[in-house]
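Presented below is the structure to which this report refers.
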């Protein structure tokens, strides 16, 4: 389990890395962490909004950018958004970061 300060450090590192990769983008914290209702088992939900013209390039670099934060054990895309030209829902599992 990540302690609160470790989880917040990971949140900050992910958001910083994504926004540095695409300076015209922005990130938003969503879910229970944003609502202040997170518990020890809550995941991290981050929305990355990029300019339309940057979408494909940002998507192509997403795993590499996240690997710059921590090693990535797995990354998958939700099939419901796989063919959208404007949205993706990515699930990232960082190595040595427990799910619970």
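The values are calculated or read from the model by the stated rules, or taken from the named source; none is laboratory data. Computed from a predicted model, the values in this text were never measured in an experiment. Methodologically, a virtual Cβ is constructed for each residue, glycine included, from the backbone with ideal geometry; neighbour enumeration extends over all protein chains shown.
Of the residues in segment 47-91, how many are part of a strand (DSSP E or B), touching a helix residue (DSSP H, G or I) at 6+ places or on another chain (Cβ under 6 Å) and surrounded by 15 or more Cβ atoms within 10 Å (Cβ to Cβ)? Selection size over segment 47-91: 2. Based on this model, can you work out whether residue 36 counts as at positive phi and under 14 Å from the mean Cα position of the chain (by Cα)? When the stated conditions are applied, residue 36 does not pass them. Only a single criterion out of (1) on the phi < 0 side of the Ramachandran plot; (2) surrounded by 11 or more Cβ atoms within 10 Å (Cβ to Cβ) is not satisfied by residue 31, namely (1).
In the set (1) more than 16 Å from residue 16 (Cβ to Cβ); (2) in contact (Cβ under 8 Å) with a residue 24 or more places away in the chain, the condition left unmet by residue 72 is number (2).
Exactly one residue out of 24, 17, 38 is at pLDDT 90 or above, part of a loop (DSSP other than H, G, I, E, B), surrounded by 12 or more Cβ atoms within 10 Å (Cβ to Cβ) and touching a helix residue (DSSP H, G or I) at 6+ places or on another chain (Cβ under 8 Å): that is 38. Residues that are touching a residue at least 40 places away in the same chain (Cβ under 8 Å), in contact with a strand residue (DSSP E or B) (Cβ under 8 Å, 6 or more places away or on another chain) and over 15 Å from residue 62 (Cβ atoms) within segment 4-48 comprise just one, 10.
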